[in-house]
Amino acid sequence: MPPKRIKQYEGRYALVDGIPYQMPVSARNSPAIMAGFTCDWEKANALLPGNEIHAMKLPNGRAALLITVIDYVDTSIGKYIEYSIAIGCTKGPKPAPRILNSMMLKKYGTGQYILDLPVSSEVSVKGGKGIWGMPKHLANLDFKISEKTVSSQYEKDGQFVFRIEIERPKSPSIRLKVGATNYCRFRNMLMASYIYFDTKAGVNLFGKAKADLYVGDHPNVSFLRDIDINPDPFFTVFMPKTLGILDDHFESWFMTYDEPPKEMPEGLESIIELGLSEDWLPDPSITDYEKYKIK
């Protein structure tokens, strides 16, 4: 459940970095999909920077590649799509024990580390990155719902990047009221933000979960082809009308390394010139993506 303090300022207004928000920072009636795929733990863990976070170990000893796409249709900053590609993770001095990491979420700081987070509007980049440290950037995105499937495609600079297509669960009959922790790196700090969902969802698990995953050659994602992704998801979720609240409270810590860092990752220079445009780039148009299918 969202913290009580969020209810205390419901209906008030905020202005941060020139971006107007009606509190709480939320989205309504927004369809979303999620899917989880197992992958090699050692290879997934190697993708996470610093010493503070570690790939979460599933009961079978593998890691989790988590895909979440939300079509935000009603927010304070207009409509936009958000496309999260992440690794399930824990926070602490060493990897958390398997099974316990999914039962004792607070103790082990269980969440997801976002590797890539394209969005479809400039104002979403400005707010998400400048305030919460999320690795947002503009890209060509879509979100398509049909009778049998839900899909979303991601292109950038005229190049195919990523596509997820799930078999649509039969009925959104399961009530989900959950919170999640998102970890990101910005200004070479580990940033943690918190989001809360209240929705009805259709959920398929293990053998009933069906999805196709396509990973292109773009440098934003090409490394994912080397982490031994199982093409059969262990869960898929479709949420037709999600209510989501993004907590204005966030945390950050210096990231540490075994050797002195040799270069500075993305920082404030990447958002200082951004404006408040809600315009989208053109929809994805590339159709020859079958060669990128994970098999």
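The values are calculated or read from the model by the stated rules, or taken from the named source; none is laboratory data. Keep in mind the model is a prediction, meaning the values are calculated, not measured. Cβ sites come from the backbone with ideal geometry, for glycine too, and all protein chains shown count toward neighbours. All accessible areas refer to the heavy atoms of the entire protein, side chains included, with ligands and DNA or RNA removed. Shrake-Rupley method; radii C 1.70, N 1.55, O 1.52, S 1.80 Å.
Kindly establish whether Pro260 is exposed (fewer than 14 other Cβ atoms within 10 Å of the Cβ) and free of Cβ contacts under 8 Å to residues at least 40 places away in the same chain. Taking the combined requirement at face value, the residue satisfies it.
Summed over segment 164-207, the residues that are in contact with a strand residue (DSSP E or B) (Cβ under 6 Å, 6 or more places away or on another chain), surrounded by 14 or more Cβ atoms within 10 Å (Cβ to Cβ) and closer than 22 Å to Gly128 by Cβ give a count of 18.
Would you mind telling me which numbered condition in (1) open to solvent by less than 40 Å² (accessible area, probe 1.4 Å); (2) touching a residue at least 24 places away in the same chain (Cβ under 8 Å); (3) in contact with a strand residue (DSSP E or B) (Cβ under 8 Å, 6 or more places away or on another chain); (4) not charged (D, E, K, R) Met34 fails? With respect to (1) open to solvent by less than 40 Å² (accessible area, probe 1.4 Å); (2) touching a residue at least 24 places away in the same chain (Cβ under 8 Å); (3) in contact with a strand residue (DSSP E or B) (Cβ under 8 Å, 6 or more places away or on another chain); (4) not charged (D, E, K, R), Met34 is out only on (1). Condition first: modelled with pLDDT under 95, out of contact with any Pro (no Cβ under 7 Å at 6 or more places or on another chain), under 30 Å from Gln153 (Cα atoms) and not small (Gly, Ala, Ser). Can you find one or more residues in segment 76-84 that meet it? Looking through segment 76-84, at least one residue is modelled with pLDDT under 95, out of contact with any Pro (no Cβ under 7 Å at 6 or more places or on another chain), under 30 Å from Gln153 (Cα atoms) and not small (Gly, Ala, Ser). Restricting attention to segment 45-62, and to residues there that are assigned to a strand (DSSP E or B) and free of Cβ contacts under 8 Å to residues at least 60 places away in the same chain, which single residue is least open to solvent (accessible area, probe 1.4 Å)? So, considering only residues that are assigned to a strand (DSSP E or B) and free of Cβ contacts under 8 Å to residues at least 60 places away in the same chain, the one least open to solvent (accessible area, probe 1.4 Å) is Ala55. Criterion first (over 21 Å from Gly50 (Cα atoms), modelled with pLDDT of 95 or more and of a type in the set (Lys, Arg)) does Lys129 satisfy it? Considered against the rule, which asks whether it is over 21 Å from Gly50 (Cα atoms), modelled with pLDDT of 95 or more and of a type in the set (Lys, Arg), Lys129 comes out as no. Cβ-Cβ distances below 6 Å connect the following pairs, each with a first residue in segment 230-247 that is aromatic (Phe, Trp, Tyr), a second residue that is open to solvent by 50 Å² or more (accessible area, probe 1.4 Å) and part of a loop (DSSP other than H, G, I, E, B), and a separation of six or more residues or different chains: Phe238/Arg168.
Going through (1) buried (at least 18 other Cβ atoms within 10 Å of the Cβ); (2) more than 15 Å from the chain's Cα centre (by Cα); (3) under 15 Å from Gln112 (Cβ atoms) one by one, Ile77 falls short only on (3).
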